[in-house]
Amino acid sequence: MRVLHLNTHASGGSYEYAALLCTALAERGIESRVICKNASPEGGRFFLNRLIRQASVSLSREPWHGTRRLLLPPGPEELANVDVVHLHTVADWFDVPRWLESLPPGIGVVISLHDMWHVSGGCFLYRGCDLYSDTCSPCPILTTPFNRFLAKDEQRRKLHAYRDRRAQFVANSQWLGGLAQQSAIVKASGRLRVIPPGIDTTIFKPQDKSLCRKHLGLPESAFVIVTGGASLTDTNKNVPWLFQQLSHLPDLRGVIVLAFGEGTIPAPARLNVRFTGGVRSRYDLARLLAAADVFVSASLMETYGLTLVEAMACATPVVAFRVGGIPEAAPEGQGAMLCAPQDGAALMEAIMKLRHSAQLREMLGAAGHETVRVRNQLSSFSKLFERVYRECVLSRDNAERKESAL
């Protein structure tokens, strides 16, 4: 069996998810690879596509992308001998519905939900709007009069394309799966299942904290807080707010904040923040997480929270908001301490409890490591996806036989 994974960018959580899945599938004898958007400009097509993207940004109050794009999709040479195409985060690349319509009928389609884009009229984050269960109109994040028809048309295009291809959806959390089940697109297309993401537990594992700190130039006696993600400037990650809260911790002497991710943001003068920049190597990220006393996330929304899981695998306790899929990824008392969104006092209280109790840090760290060991193994991750792929191929074969019999 051959599987082709598609993801717009060669970085970020969805890319790591796809790349890890490829590695795990290879151990099961399944050939797969990831293709991303070509970084080199495609002449006039590139500039016209950029204009379309800029128009989308100007018409929306929050991240929103339509499906009409001009960049080239994977061609016949990439699709040769492919049994299943697996779509991940493919917004802002090519015209997905049109491409699916031209896809050879014998190829199955699987869609991993990393956000709301595949099951909505173009939005990414769930903010309490349930219009995606109907017609996505009027869209609350688009400006008037475009809010009455743009998202509605985008939802219609996806619904027809995904339904006609009998696409199979996979959510990364029960929370996201529950939302997706309400989508008109998923209802029209058929089955959805939930598969928790896998991580490489041979890399993300407990390490000698002293050695990790020595490598990073961190004092062994410091209380080290780690935070970050793919981009520090991502408003959903809420890092500037977190810095302000951390600056009010009592006795900041001996407190070091390590922030990883692309981009730069201001930090309060009294807070000792060290920016590492983007961390591409999994080994480097694992060392960073293992060196910490606590990983703190102030994300306003996560469909799961893969970085939290990686921290737990390193036996580092997590403090985060009780939002989205985070309570599934980092259960309260099983590696994490959770609080209400934007509750700075509760967040600081949890951090202070961990600061003053090495026993609590050790207990939560051990519980988190065990949770991840049982739940997020790559072997079970790939086994469940192999089952999805085989069912997908079987479904396409049965449909072709029925059509040929008519």
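The values are calculated or read from the model by the stated rules, or taken from the named source; none is laboratory data. Please read all numbers here as calculations on a predicted model, not as lab measurements. Heads up, the Cβs are rebuilt from the backbone with ideal geometry, glycines too, and the neighbour counts pull from every protein chain shown. Each accessible area value is taken on the protein alone, full model and side chains, heavy atoms only, with ligands, DNA and RNA left out. Shrake-Rupley method; radii C 1.70, N 1.55, O 1.52, S 1.80 Å.
Key figures
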quantity: Positions within the stretch 23-33 being of a type outside the set (D, E, K, R) and either farther than 20 Å from N376 by Cβ or buried (at least 18 other Cβ atoms within 10 Å of the Cβ) (or both), in sequence order; calculated: A24, L25, G29, I30, S32
quantity: A292 part of a loop (DSSP other than H, G, I, E, B), within 30 Å of A24 (Cα to Cα) and open to solvent by less than 50 Å² (accessible area, probe 1.4 Å); calculated: yes
quantity: L48 vs. criteria at negative phi, in contact with a Lys or Arg (Cβ under 6 Å, 6 or more places away or on another chain) and open to solvent by 40 Å² or more (accessible area, probe 1.4 Å); calculated: no
quantity: Members of the stretch 134-155 that are touching a Leu at 6+ places or on another chain (Cβ under 8 Å) and either within 13 Å of G66 (Cβ to Cβ) or of a type in the set (V, I, T) (or both); calculated: C139, L142, T143, F146, L150, A151
quantity: Of the criteria (1) farther than 26 Å from P266 by Cα; (2) not in a loop (DSSP other than H, G, I, E, B), which one V226 fails; calculated: (1)
quantity: Options S382, S281, S357, S299; residue that is open to solvent by 10 Å² or more (accessible area, probe 1.4 Å), modelled with pLDDT of 95 or more and of a type in the set (S, T, N, Q); calculated: S357
quantity: Hits in the stretch 67-90 (condition: in a loop (DSSP other than H, G, I, E, B), under 23 Å from S173 (Cα atoms) and open to solvent by less than 10 Å² (accessible area, probe 1.4 Å)); calculated: H88, V90
quantity: Selection from the stretch 202-232 of residues that are open to solvent by 10 Å² or more (accessible area, probe 1.4 Å), in contact with a Phe, Trp or Tyr (Cβ under 8 Å, 6 or more places away or on another chain) and of a type outside the set (G, A, S); calculated: I203
quantity: Residue that is most open to solvent (accessible area, probe 1.4 Å), among those in the stretch 167-195 that are in contact (Cβ under 8 Å) with a residue 40 or more places away in the chain and assigned to a loop (DSSP other than H, G, I, E, B); calculated: Q182
quantity: Matching residues in the stretch 122-166 - criterion: being charged (D, E, K, R), in contact with a Ser or Thr (Cβ under 7 Å, 6 or more places away or on another chain), in a helix (DSSP H, G or I) and open to solvent by 40 Å² or more (accessible area, probe 1.4 Å); calculated: R148, K152, R163
quantity: Selection count where residues are open to solvent by less than 30 Å² (accessible area, probe 1.4 Å) and either in a loop (DSSP other than H, G, I, E, B) or modelled with pLDDT of 95 or more (or both), scope the stretch 1-16; calculated: 7
quantity: Contacts under 8 angstrom Cβ, first residue in the stretch 196-219 being in a loop (DSSP other than H, G, I, E, B), partner surrounded by 15 or more Cβ atoms within 10 Å (Cβ to Cβ) and among the β-branched types (V, I, T), 6 or more apart; calculated: P197/V309; T201/V372; F204/V372; L218/V224; L218/I256; P219/I256
quantity: Complete set of residues in the stretch 233-256 that are small (G, A, S) and either part of a helix (DSSP H, G or I) or open to solvent by less than 10 Å² (accessible area, probe 1.4 Å) (or both); calculated: S247
quantity: Restricting the stretch 310-340 to residues that are touching a residue at least 60 places away in the same chain (Cβ under 8 Å) and acidic (D, E), the residue that is surrounded by the fewest Cβ atoms within 10 Å (Cβ to Cβ); calculated: E328
